[in-house]
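Where a number appears in this text, it was derived from the coordinates with a stated rule and is not lab data. All values reported here derive from a predicted model rather than from experimental measurement. Don't worry about glycine lacking a Cβ; one is built from the backbone with ideal geometry, like all the others, and counts go over all protein chains shown.
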Amino acid sequence: MSARSDDGWPWTEDGLTTMDEREYEHEKSRKPITATNHLNGSMKKFSIFPRLLLSILLLVCGACASPATQIVSESTATPTSTMQATSPATPTLLMKSTAMFPILPTPSLTAVSFPLPTQTLVFIPSATATEMLLPTATGTPAASPTVTPTFSPVRRTPATLMLHPSSDVFDSVAFLQAFVQILQENGIEVITYQTISEHPEITAVEQGRLVIITIDDISLQAPLDDSVQGMIAILLEADYPAVLGVVTEGQAADDETAQTLRDLSAQGWEIAAHTDTHQNLGELEALSPGDMRAEIRTCGDKLFEAVGVRPITLVLPYGQMVQNAKLIYKEHIIWAVGINGGVTYNSAGLLYYVGREGPDGDADLTFRIMMQRFNP
Ligand SMILES: [Zn+2]
């Protein structure tokens, strides 16, 4: 058995596959003592006698079939009850649970690089992933086992909208006004990546009812664009937070912009790094992994100085992910936000790649496309 993310990422080096295979192997080894096998063995032993008896009865007295049928029925009943007494289900379950602990992998970080830009996540602490996958009914063979609900570590990414400041051909403010109304009509909860990090279970409990709104290309060094201010006003009015992707190129932060970001951060909005100079990180990594990391680090440092927050989310310029995601994680990033793929993420991991959807036609069509993509 092998697990695969929606993006085709083979989980060959994390705890998922390890556990699945062990469970599978264990199931195979358990088969000889299952009720069915036991019953089959018993039936072979008992089935010869009634057949012989039936033949004798028919030959000797030519009697009707009814008594013979009766004898056959009694014969089959006996091994059934024997089976139930000798093959109890509960000890089998207990054995399955306890047998797994000695073979748990030792805790270690498994580093995996991204073969493609859209792949989901990277390092899985083996022990953590394994623990989360243990059967929930690990208890004793008591009469009333307590089953604690646990959620699959693989979660659906909330449907995520990608917005930019208005352009000559697209009015982001009008679009967002209509989009927010749709969210309100549908009872959608708007969250941020930070919300998920603080409440990891939310994507399991509220799956299908969550939306993330991101606004890219906000410059820390310039006054806020009119359309960005318009979008912020709409979201504040609706009491919805957003994720703001901030570029920090330049020497001095704009005082008003920094103050606005501080205020919004205090109200639950998320300030995300969008690199220092809006570089394509995948291309930069190929030239110089160090320069790629510096783009993230410099952006984080400038945001911390001006706004007082250390971003845990990186909005990838051009949606371009890097090959070695470990380098991003080393810059304290937890969420890498691209465009393609990323409709699921493994909450047992350390870094998550997630995707987004840009405006596609009007707000109504965009909402429907988003919900279908992230919650099929
Ligand atoms: Zn951008």
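Rounded to the nearest 0.05, what FRET efficiency is calculated for E201 and Q181 with R0 set to 41 Å and r the Cβ-Cβ distance? If you can, show how the numbers build up before the last one.
Details: r = 29 Å, r/R0 = 0.71.
Efficiency, rounded to the nearest 0.05: 0.90.
Indicate the gyration tensor shape class of segment 224-376 (rounded, prolate or oblate), computed on the Cα atoms with a ≥ b ≥ c the square roots of the eigenvalues: a/c under 1.5 is rounded; otherwise a/b larger than b/c is prolate and the rest oblate. Before the final figure, lay out each step's value.
Details: a/c = 1.73, a/b = 1.06, b/c = 1.63.
Note, shape of segment 224-376 comes out oblate.
Report the extension gain between A266 and K330 in nm, rounded to one decimal, defined as 0.36 nm multiplied by the number of residues separating them, less their alpha carbon distance. Don't skip to the end; give the middle numbers.
On the way: separation 64, 0.36 × 64 = 23.04 nm, distance 2.60 nm.
Once the chain is fully extended between A266 and K330, it gains 20.4 nm.
What is the order of E295, E305, fewest Cβ neighbours within 10 Å to most? Walk me through the numbers before you get to the answer.
Values: E295 25, E305 12.
Final ranking by Cβ density, sparse to dense: E305, E295.
Taking the Cα atoms of segment 198-282, what is the range of coordinates along each of the three principal axes, in descending order and whole Å?
In descending order, the Cα extents are 43, 36, 21 Å.
To the nearest whole percent, what portion of all C-alpha pairs in segment 198-243 is separated by more than 17 angstrom? Walk me through the intermediate numbers first.
Working: 495 of 1035 pairs.
Summing the P(r) of segment 198-243 above 17 Å gives 48 percent of all pairs.
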